1. For the peptides 365-371, 617-623, 227-233, what is the packing order when you average, over each peptide's residues, the other Cβ atoms within 10 Å and list the highest mean first?
2. Testing the spin-label approximation: label points 7 Å from Cα along Cα→Cβ at residue 433 and residue 46. State their distance in nm.
3. Could you please put 178, 210 in sequence from largest to smallest accessible area, using a 1.4 Å probe?
4. Skipping prolines and chain starts, which residues have an amide H placed within reach, meaning under 5 Å, of the one on residue 277, given they are 5 or more residues away or on another chain?
5. What ³J(HN,Hα) values, in whole Hz, does the Karplus curve 6.51 cos²θ - 1.76 cosθ + 1.60 give for region 549-563 when θ = phi - 60°, with x put for Gly and Pro?
6. Where Lys and Arg each count +1 and Asp and Glu each count -1, what net charge lies around residue 516 among other residues with Cβ under 13 Å from its Cβ?
7. How would you classify region 488-561 from its alpha-carbon gyration tensor, with a ≥ b ≥ c the square roots of the eigenvalues: rounded for a/c under 1.5, else prolate if a/b is greater than b/c, otherwise oblate?
8. Could you please put 72, 156 in sequence from largest to smallest accessible area, using a 1.4 Å probe?
Amino acid sequence: MTEVNGRLASSNAMVRSTGMASRESEKAINSSMPWFLASGWRLFGTLFLTLALPMGMLVFSVARQVRHSLKEQAVNQNTVAAHLVRQVVREHFEGLISYVESFARRRDLLTLIENKNTESIRAHLKDLVTQNANFDRALVTDANGILWYDYPHAPEVIGRDFSFRDWYKGVSNTQKTYISEVYKRAAPPQPFLVAIATPIRNARQGIIGYLVGQHTIKAMTNWIASLKPSPTGSVALIDHRGALTMQRDSGNEPPLDLGRHPVVQKALTGQVGSVETSDPVTGEVSLISYTPVAPIGWAVLSRQPIAEVFAPVTALQRTIFALAFVSFLAMFVMGYIWLSTIRRYHGALLESDRAKDLSLGELERGITERKRAEEALRKAHDELERRVEERTAELQQAKEAAEAANHAKSLFLANMGHELRTPLNHIIGYSEMLKEEAGEAGREEFIPDLQKIRGAGKHLLELINAILDLSKIEAGKMDVSLETFTIAPMIQDVVDTITPLVEKNANTLEVHCADDLGTMRADLTKVRQALLILLSNACKFTERGTIILGVNRELVDGAAWIRFRVTDSGIGMTPEQMGKLFQAFHQADASATRKYGGTGLGLAISQKICQMMGGEIRVESTLGQGSTFTISLPAMGVRG
């Protein structure tokens, strides 16, 4: 027993001596190495202070500079967009003012008003509405604001006092043409309107009443919305009372009042500038450039959300920080391996010094491995910097390409849309005035040439409108504004519009409408446009024949559909011609183009409009016997 206890005591003593020797060796290694290599945490701290911290400060500094540059660029984009919209809106309203004033100066209109010839006055108002798609209603009041004549005719408003309207107060106070605030029409479907009112003067320049054209702003705001400063930006048009004009009809709600917002107040008082503040429409923090629209007293706001402006640099920062983190982690792992290697060989060196048996070759191998680790660390650092530079260059190129494409699109829409249409409207208006003056002066030899000028101008305007409509549809920029409307009045309005074209070729128009048509939910303007294109084609290709417009409601798989059928007894088509019928810029054949004219865009636009509303157009035709075009649209709006 005594012998066993002695052996245990001897073993314990050996273990304690071995542990003490190991701790003493560790202390010797740590004391003989530099401070930052004594432990892994010290190495981590040293790498962080010497590499990661300066790199982070550099990234932060670069990000600040890039954010500043992006902000300046966004301000420039906003300013350019705001001034472009201001110019477009000013030219738009100048053209409309000239158009309305030309009707108010018609001498025969003054004579008809003095003689109270209701039907003839209403014919003049119909010309004002049908010859310019910007207007959907016209009316004449006396000097006290009492309405006596209108088109389309609404018997319930005849004799009503409209002196409370802003347009009456403005034109009666200024005694010159006045553009009103944005307001809702009292009668359904209650669209947002802008009224252009001008005095009607007698021969002594006394005011006997006011001519008012009601301009629906939906079409105007649609093409203004396309002139946005950037893919994520937008433009807002504000009237002189601070109401937002660019909004969709929403029941009985009035226009959105932004007059209390500081930016809107500055713009309406004639100031120009840019500021970072809350968006008056959405409430989010945005960069906003504002400018007034003289001389109508309106204002334009061009806005970009600040988060979207800085989105490129935010993504770049995240990428750089991710790469930096991975690189630093790799460097730390490699450094830790390097430290372990150094510590291992350093400990062996100390043991060799004690034992005098460490060879010089082992020391050289340790130094070689340390150099290899250092070289690998340097290459990893160089590779990280190269990748960061390449990624930064790629992002810059993509950003510049997107900006160039967006700028080219904006210039195209602005120049093509309005630099052509505004002069054409002037040409058409002045040709009509010259025709009337030539008739009054007895210069009948000028009238045929003036009629040719007016016809050529209207044809060119229709061609430009068709090309722009087709471009918007193919680019996905044309919106469908659904509303619920009664079908029968819409059909009557289409018939009234197409009647002169029917009579031109001595044709007869028959209308067959079912009694249960009721209402439908669709884009009223686009449905009218598609029907007018089909009817005008039927009138063009039919002479001394019959054109039939049939409308009925049908149930298909439990869903209600509206069918519009246009049948003519004209020249008809072959199957080969029908195969190319709905292609843009294609007509039946070259001889038809020479004889009947046209661009070949009408049916292509009609087909795309119907497809946007969930419907389609079908055609049946026999050469020499006529054609039947059928529009099918869902009665309750676009189907999924």
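The values are calculated or read from the model by the stated rules, or taken from the named source; none is laboratory data. Remember, predicted model here, so these are calculated numbers, not experimental data. Positions of Cβ are generated from backbone atoms using ideal geometry, with glycine treated the same way; all protein chains shown enter the neighbour counts. These accessible areas exclude ligands, DNA and RNA; they are computed on the full protein's heavy atoms, side chains included. Shrake-Rupley method; radii C 1.70, N 1.55, O 1.52, S 1.80 Å.
1. Highest-to-lowest ranking by the protection proxy: 227-233, 617-623, 365-371.
2. Each label point lies 7 Å from its Cα, and together they span 8.9 nm.
3. Greatest to least solvent exposure: 178, 210.
4. Amide H to amide H, under 5 Å and 5 or more residues apart or across chains, residue 277 pairs with 286, 288.
5. 10, x, 10, 8, 9, 10, 9, 10, 6, x, 10, 7, 10, 10, 10
6. Once all neighbours under 13 Å are counted, the net charge is 0.
7. The shape class here is prolate.
8. 156, 72
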